[in-house]
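First the structure, in the form of C-alpha cells, and then the observations on it.
The values are calculated or read from the model by the stated rules, or taken from the named source; none is laboratory data. Being a predicted model, the structure only gives us computed values, none of them experimental. Using ideal geometry, Cβ is built from the backbone for each residue, glycine included, and neighbour counts are taken over all protein chains shown.
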Amino acid sequence: MSRWQYFLRRVLMSIPVVIFGTTITFALIRLGPLDPVSAILGTQYNPQAAEQIRNNLGLNQPLWSQYFDFMYRLFTFQLGQSWVIAPGTTAYELIQVYAPRTIWLGFWSVLIALFVGIPLGFYAGLNPNTLSDYVASFGGIVWRAMPNFWLAIMLVTALSQTGQWTNGFFTWQTWIVKTNVVTPPALGFFQSPLQGFIEDPGGWINSFVRATKQIAPAALVLGSASMGNEMRIGRTAVLETINSNYVETARAKGVSGRSLVWKHIFRNALIPLVPIITGEAFLLLGGSVFVETVFAINGLGWLFFNAAINGDLPLIGTLMYIFILILVGTNILQDFLYTVIDPRVGYEG
Amino acid sequence: MVLLGVELGAILQVVGAIAGVVVNLLPGDPGAAAVSSLQESLKGIPTLVSRDFIPNQGYWDGSQWVGTFLGLSPAAAWAVRVTVVYAYAFAVLGWLWNGYNRYRRYYRRVDWTPRDDVVNRFRGHTWGQFGLIITITFVVMAVFAPALGPTTMEENILQPYDYEVSYWDDESQSVQTVLVGEANLGSGSQGAGDENVAPMTYDDFGRFHPFGTATNGKDLFTQVVFGARISLTIATVAMGIAGIIGLSLAMLTAYYKGLADLAIVLASDSIQALPVIMVLILMLVIFQNTWVRELYDGAVLIILIFSLVYWPFIWRSIRGPAFQVSEQDWIDAAKSFGQTPGQVMRKHMAPYVFSYMLIYASLSLGGIIISVAGLSYLGLGITAPTPEWGRLIADGQQYVASPSWHISLLPGVLITLVVTGLNAFGDGIRDAIDPQADTGDEAAATGGGA
C-alpha cells in the first residue's frame with residue numbers, strides 16, 4: 001500500500017468516527033436524566049408551560065426522528081440556538097464571540113510550549129547526563145505533573161504580588177503596558193488588522209502587545225503539560241538519533257558538527273514529536289476549561305462549562321460537535337504530516 | 001532454626017498488619033454505614049498503629065498534658081504516631097522483599113525465570129525506585145488515613161457538633177470544654193491576623209494542626225490524608241475496570257480479527273475523538289441528581305465514567321502486541337489441541353499482553369488523579385463531606401496571597417508529588433518490563449489538560 005493510499009484510508013475512516021462521536025453526544029444529552037425543559041424554565045416551572053416548550057422544541061417527536069433531525073442539522077452546519085445561557089442567540093454567533101479568545105490562547109500556548117520545550121529537550125539530549133540535563137529533565141517532569149488549575153492559581157497570585165515582593169522594582173501589571181492579571185484579552189484590533197495597522201501602527205502594536213501580555217500567563221499554564229512532553233520526547237529522540245548508525249557514518253565521512261546536528265539529528269528527531277504537537281489539541285481543549293475559569297477568559301472552554309452546568313443542551317451538542325471536528329481534523333493533520341515527513345509510514349499498515 | 005524464628009516473628013507481624021489494615025480501613029470509609037457494627041467490634045483489638053495506642057488528642061491542665069501518649073505534647077505524640085505508622089509499613093514491605101529474595105535464592109526449584117530479569121532491571125532503575133518510594137508513601141497515607149490524621153474524620157469533619165474538646169483557657173486559668181464544631185468556627189484560616197492557623201501550629205483550643213486548618217476551621221491534614229484515599233481509589237479502580245474491558249476486547253479482536261476488530265476500532269476511535277474533560281463535565285452534569293451520583297459522594301460515578309472513557313486508550317496500547325501473539329505457533333497448537341477460544345485467550349494470549357497493559361495503566365494513573373482534582377475544583381467531582389484535594393484548592397483559592405496560603409498550596413504540592421512519583425514508577429515499570437519499549441503514549445499522564 002502506498003503512503004497516500006494509507007493516508008486516504010485514514011481520512012475515510014474519520015467519517016464514521018465523527019458520526020459515532022456525535023451519536024454518543026446525542027445519546028448523552030437526550031437519553032440522560034437531565035430534562036432540558038426544566039433547565040429552561042428554572043424556578044418558574046409549571047407543567048403547562050413545560051408541555052408547550054416541549055412541543056415547540058420538538059421534544060415530543062419520536063426519538064429516532066429527533067436523532068436524524070439532530071444529525072442532519074449538525075452535518076449541514078445549522079448549528080441551532082442556545083436555550084438557557086443566552087436564549088435566542090444562535091450557537092454560531094456565540095462561537096463567533098467566544099472562539100477568538102480561545103484561539104488566541106491556544107496559539108500562544110502551542111508557541112510557548114514549542115519554543116521552550118523543544119530547545120530545552122534537544123539541549124538536554126545533546127548534553128546527556130550532565131547537571132544541566134538533570135535539572136532540565138527533572139524540571140520538565142515536575143512541570144508536567146502540576147495540575148493546570150492549581151498552577152494557574154499560583155501564577156495569578158505570584159503575578160499579582162510581584163509589586164509587593166520586589167518592593168515596586170518589578171510589577172507585572174504595569175510592565176510594558178498596563179494590564180490586569182485576571183482578564184480576557186482585548187482582541188478588538190483583529191477586526192480589520194491590515195487597515196488598523198496602516199492607519200495607526202503605534203496603537204495597533206500597542207494593543208497587540210497588550211493582548212499578548214494578557215494571554216501570556218494563561219498560555220504558559222495551558223502549555224505546561226505539552227512543554228514537559230515535548231522536552232522529554234525531544235531529549236529521547238535526540239539521544240536515539242545521536243547513537244544511530246547513519247549519524248556515525250556522517251560523522252565518519254567528516255560532516256561538520258553544525259551540519260550534523262541540524263541536518264541529520266534535528267530533522268529525524270522531529271518525527272516522534274509530531275504526535276505530541278498534534279496531541280496538544282486534546283490538552284488545549286480540555287485544559288481551556290480550567291485555565292479560562294481561573295484567568296476569567298470567557299472563551300470556548302468557559303462557554304462549554306457554563307452551557308453544561310446550566311443544562312443548555314443544544315449548545316452543548318453543537319460545541320461537542322465542533323470539538324469533535326477539531327480533534328478529528330487534528331488527527332488527519334497528524335497523519336498527513338507523518339505521510340510527508342516519514343517515508344516509512346504505511347509499510348506496516 | 002534462625003530462619004524459622006525470623007519468619008515466625010514476621011508472620012505474626014503480618015497477622016498484625018491484616019488486623020491493622022482491617023481496623024483502619026473500615027471505619028473511616030465514607031458512607032459505610034453498614035460496617036459500623038463490625039467497626040465497633042474490631043475497635044476492641046489493640047494494634048500498634050491505632051490512635052488508641054498512641055493518642056495525641058489531649059489538653060493542657062496548667063501543669064502538664066493530659067490524655068496524650070506518655071504525656072508528650074500533641075505535636076510530639078502525633079509525630080511519634082506518624083513515624084511508627086511509616087516505620088511499620090516500610091518494615092512489613094522490607095520483610096516481604098527480604099522473604100522474596102530468600103525464596104528466590106534458597107527455596108525456589110528453578111534458578112531463573114523471566115520475571116527475575118524484570119525485578120533485576122527495576123533494581124538498577126534509580127528513577128523508578130524514587131517513584132516507588134513516593135507511591136508507597138502515598139499508598140500508606142491512604143491506607144492508614146484514620147491513624148495518620150491528628151483528629152478523626154467523624155469527630156472533626158462529619159459530626160463536629162457531636163463531640164467535645166477540652167482545652168486550657170488562659171483567661172479563667174482552668175480546663176474548659178467546647179463542642180468541636182464551635183472550636184472549628186474559632187480556628188478557621190481566612191487570611192490575616194487572628195483568622196489563621198498556620199501549618200505546624202496549635203489553634204486556640206490546644207489542637208495541633210500539621211497542615212494548618214481549612215477556611216472552616218477543620219483540620220487540613222486530616223482532609224488531605226482522606227483525600228489521598230479517595231484519589232488513589234478512584235485512579236486504581238477506574239484503571240482496573242478500564243484495563244479489564246481493554247484486555248478482554250483486545251483478546252477478542254486479536255482472536256477473531258476482521259469485522260470484530262473493525263467494529264472496536266470504530267468505537268474506540270469515536271470515543272478517543274471526544275475531548276475527555278468535556279465528556280466528564282457533561283456526564284457529571286447529566287447525572288447530577290440521580291442516585292448514582294450520591295454513591296460515595298460521586299466517586300462511583302466518576303470511576304464508571306473514567307473506565308468508559310479510558311478503555312479505548314488501553315485497548316489501543318495493547319492491540320499491536322495482542323495481534324503479534326495471536327500469530328504465534330503456540331496459539332495454533334493450542335487450537336488444534338481442541339482448546340476453546342476462551343481458554344486460548346486466557347491462558348495463552350492474555351499473560352503475554354498483560355505486562356504491556358500494566359505499563360500503560362501505570363503511566364495513566366497520574367492523569368486520572370489530576371482530572372479528578374480538576375473536576376472537584378470546578379465543583380463537579382467529589383462533593384462534600386468527602387474531602388478531595390481539588391476542592392481544598394478551590395476553597396483556599398482567594399487566600400493564596402494571604403497568611404492562609406497553605407490551604408491551596410499544600411494539596412497542590414501533594415498532587416504534583418504523587419503524580420511525579422506515579423509517573424516515575426510507571427517509567428520504571430516500563431523500562432523493567434520492556435527495555436526496548438518506545439517512549440509510550442506520553443499524553444496519557446497529563447489527564448486531558450486538567
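Can B:Ser231 be described as modelled with pLDDT of 90 or more, assigned to a helix (DSSP H, G or I), within 14 Å of chain A (Cβ to nearest Cβ) and within 20 Å of the chain's Cα centre (by Cα)?
Details: modelled with pLDDT of 90 or more: yes; assigned to a helix (DSSP H, G or I): yes; within 14 Å of chain A (Cβ to nearest Cβ): yes; within 20 Å of the chain's Cα centre (by Cα): yes.
Considered against the rule, which asks whether it is modelled with pLDDT of 90 or more, assigned to a helix (DSSP H, G or I), within 14 Å of chain A (Cβ to nearest Cβ) and within 20 Å of the chain's Cα centre (by Cα), B:Ser231 comes out as yes.
Select, from A:Ala136, A:Ala152, the only residue that is out of contact with any Pro (no Cβ under 6 Å at 6 or more places or on another chain), small (Gly, Ala, Ser), outside the structural domain of A:Gly80 (by the TED database) and modelled with pLDDT of 90 or more. Even if it seems obvious, please write down each step before you answer.
Working: A:Ala136 fails: modelled with pLDDT of 90 or more.
Residue meeting the stated conditions: A:Ala152.
Any residue at all in the range B:224-240 that is in contact with a Ser or Thr (Cβ under 6 Å, 6 or more places away or on another chain), among the hydroxyl-bearing types (Ser, Thr, Tyr) and surrounded by 22 or more Cβ atoms within 10 Å (Cβ to Cβ)?
Scanning the range B:224-240, I find no residue that is in contact with a Ser or Thr (Cβ under 6 Å, 6 or more places away or on another chain), among the hydroxyl-bearing types (Ser, Thr, Tyr) and surrounded by 22 or more Cβ atoms within 10 Å (Cβ to Cβ), so the answer is no.
Name every residue in the range B:51-83 that is among the charged types (D, E, K, R) and closer than 24 Å to B:Gln173 by Cα, in order of residue number.
Let us first name the residues in the range B:51-83 that are among the charged types (D, E, K, R), namely B:51-52, B:61, B:81.
Residue satisfying the conditions is B:Asp61 alone.
Which condition number does A:Trp262 fail, the rest of (1) over 27 Å from B:Pro435 (Cβ atoms); (2) crowded, with 19+ Cβ neighbours inside 10 Å being met?
Only one criterion is unmet by A:Trp262, namely (2).
Across the range A:156-186, what is the total count of residues that are touching a helix residue (DSSP H, G or I) at 6+ places or on another chain (Cβ under 7 Å), surrounded by fewer than 21 Cβ atoms within 10 Å (Cβ to Cβ), among the hydrophobic types (A, V, I, L, M, F, W, C) and not in a loop (DSSP other than H, G, I, E, B)?
So the count comes out to 2.
If I go through the range A:70-83 residue by residue, how many of them are in a helix (DSSP H, G or I) and either surrounded by fewer than 13 Cβ atoms within 10 Å (Cβ to Cβ) or hydroxyl-bearing (Ser, Thr, Tyr) (or both)?
Step one: filter the range A:70-83 for residues in a helix (DSSP H, G or I), giving A:70-75.
Next, only the ones that are either surrounded by fewer than 13 Cβ atoms within 10 Å (Cβ to Cβ) or hydroxyl-bearing (Ser, Thr, Tyr) (or both) stay: A:72, A:75.
So the answer is 2.
State which residue pairs qualify: first residue without any contact (Cβ under 8 Å) to a residue 40 or more places away in the chain and inside the range B:358-380, second residue aliphatic (A, V, I, L, M) and not in a helix (DSSP H, G or I) in any location, beta carbons under 7 Å apart, and separation of 6 or more residues or different chains.
Between residues of the range B:358-380 that are without any contact (Cβ under 8 Å) to a residue 40 or more places away in the chain and residues that are aliphatic (A, V, I, L, M) and not in a helix (DSSP H, G or I), the close pairs are B:Ser376/B:Ile382.
I'd like to check something: does the range A:57-64 contain any residue that is modelled with pLDDT under 75, at positive phi and not in a helix (DSSP H, G or I)?
The answer is yes, given that some residue of the range A:57-64 is modelled with pLDDT under 75, at positive phi and not in a helix (DSSP H, G or I).
Go through the range B:242-288 and count every residue that is within 19 Å of B:Ile382 (Cα to Cα), in a helix (DSSP H, G or I) and either at the interface with another protein chain (Cβ under 7 Å from one of its Cβ atoms) or in contact (Cβ under 8 Å) with a residue 60 or more places away in the chain (or both).
10
Can you say whether A:Ala86 is closer than 28 Å to A:Leu327 by Cα, under 25 Å from the mean Cα position of the chain (by Cα) and assigned to a loop (DSSP other than H, G, I, E, B), as far as the supplied structure shows? Show your work before the answer.
Numbers: closer than 28 Å to A:Leu327 by Cα: yes; under 25 Å from the mean Cα position of the chain (by Cα): yes; assigned to a loop (DSSP other than H, G, I, E, B): yes.
So A:Ala86 fits the description; yes.
Take the range B:321-364 and flag every residue that is outside any helix (DSSP H, G or I) and surrounded by 23 or more Cβ atoms within 10 Å (Cβ to Cβ).
none
Any chance the range B:425-432 includes a residue that's away from chain A (no Cβ under 14 Å), more than 22 Å from B:Ala242 (Cα to Cα) and surrounded by 19 or more Cβ atoms within 10 Å (Cβ to Cβ)?
So the first thing to find is which residues in the range B:425-432 are away from chain A (no Cβ under 14 Å), and the list is B:429, B:432.
Filter again for more than 22 Å from B:Ala242 (Cα to Cα), leaving B:432.
Of the ones still in play, those that are also surrounded by 19 or more Cβ atoms within 10 Å (Cβ to Cβ) are B:432.
Checked against the condition, which is being away from chain A (no Cβ under 14 Å), more than 22 Å from B:Ala242 (Cα to Cα) and surrounded by 19 or more Cβ atoms within 10 Å (Cβ to Cβ), the range B:425-432 yields at least one hit.
Counting just the residues of the range B:396-424 that are more than 8 Å from chain A (Cβ to nearest Cβ) and hydroxyl-bearing (Ser, Thr, Tyr), which one comes out farthest from B:Met357 (Cα to Cα)?
B:Ser402
Give the range A:38-48 a look and list any residue that's away from chain B (no Cβ under 11 Å), assigned to a helix (DSSP H, G or I) and surrounded by fewer than 20 Cβ atoms within 10 Å (Cβ to Cβ), or say none. Give the steps one after another, and end with the answer.
Start the filter on the range A:38-48 by keeping residues that are away from chain B (no Cβ under 11 Å), which leaves A:40-48.
Cutting the leftovers down to assigned to a helix (DSSP H, G or I) gives us A:40-44, A:47-48.
Passing the criteria: A:Leu41, A:Gly42, A:Thr43, A:Gln44, A:Pro47, A:Gln48.
What tally of residues in the range B:390-415 results from selecting those that are touching a Leu at 6+ places or on another chain (Cβ under 9 Å) and more than 14 Å from A:Ile153 (Cα to Cα)? Step through it out loud before you land on a result.
Kept after step one, since they are touching a Leu at 6+ places or on another chain (Cβ under 9 Å), are these residues of the range B:390-415: B:390, B:392-394, B:396, B:400, B:406-408, B:410-412.
With more than 14 Å from A:Ile153 (Cα to Cα) added as a condition, the list becomes none.
Of the residues in that region, 0 qualify.
Would you check if there is a residue in the range A:56-66 being surrounded by fewer than 16 Cβ atoms within 10 Å (Cβ to Cβ) and touching a helix residue (DSSP H, G or I) at 6+ places or on another chain (Cβ under 6 Å)?
Checked against the condition, which is being surrounded by fewer than 16 Cβ atoms within 10 Å (Cβ to Cβ) and touching a helix residue (DSSP H, G or I) at 6+ places or on another chain (Cβ under 6 Å), the range A:56-66 yields at least one hit.
Here are the criteria: (1) more than 11 Å from chain A (Cβ to nearest Cβ); (2) in a helix (DSSP H, G or I); (3) surrounded by 18 or more Cβ atoms within 10 Å (Cβ to Cβ); (4) not aliphatic (A, V, I, L, M). Tell me which single one B:Gly367 does not satisfy.
B:Gly367 satisfies every listed condition except (1).
Check whether at least one residue in the range A:117-132 is aromatic (Phe, Trp, Tyr), part of a helix (DSSP H, G or I) and away from every other protein chain (no Cβ under 12 Å), and report yes or no. Talk me through it step by step, then tell me what you get.
Going through the range A:117-132, the residues aromatic (Phe, Trp, Tyr) turn out to be A:122-123.
From the residues that got through so far, the ones that are part of a helix (DSSP H, G or I) too are A:122-123.
Right, trim to away from every other protein chain (no Cβ under 12 Å) and you get A:122-123.
Looking for residues that are aromatic (Phe, Trp, Tyr), part of a helix (DSSP H, G or I) and away from every other protein chain (no Cβ under 12 Å), one finds at least one in the range A:117-132, hence yes.
For A:Val97, are the conditions met, namely being in a helix (DSSP H, G or I) and either away from chain B (no Cβ under 14 Å) or within 30 Å of A:Val37 (Cα to Cα) (or both)? Talk me through it step by step, then tell me what you get.
Working: in a helix (DSSP H, G or I): yes; either away from chain B (no Cβ under 14 Å) or within 30 Å of A:Val37 (Cα to Cα) (or both): yes.
Yes: the conditions hold for A:Val97.
So, of the residues in the range A:24-37 that are surrounded by 14 or more Cβ atoms within 10 Å (Cβ to Cβ) and more than 8 Å from every other protein chain (Cβ to nearest Cβ), which turns out to be nearest to the chain's Cα centre (by Cα)?
Taking the range A:24-37 as the starting set, the residues that turn out to be surrounded by 14 or more Cβ atoms within 10 Å (Cβ to Cβ) are A:24-26, A:28-30, A:32, A:34-37.
This time we only want the ones that are more than 8 Å from every other protein chain (Cβ to nearest Cβ), so: A:26, A:30, A:35-37.
Values: A:Phe26: 23, A:Arg30: 27, A:Asp35: 30, A:Pro36: 29, A:Val37: 32 Å.
That would be A:Phe26.
For the range B:370-395, which positions are at the interface with another protein chain (Cβ under 10 Å from one of its Cβ atoms) and assigned to a loop (DSSP other than H, G, I, E, B)?
Selection gives B:Leu378, B:Gly379, B:Leu380.
In the range B:156-176, what count of residues is obtained for those that are crowded, with 19+ Cβ neighbours inside 10 Å, of a type outside the set (S, T, N, Q) and outside any strand (DSSP E or B)?
So the count comes out to 2.
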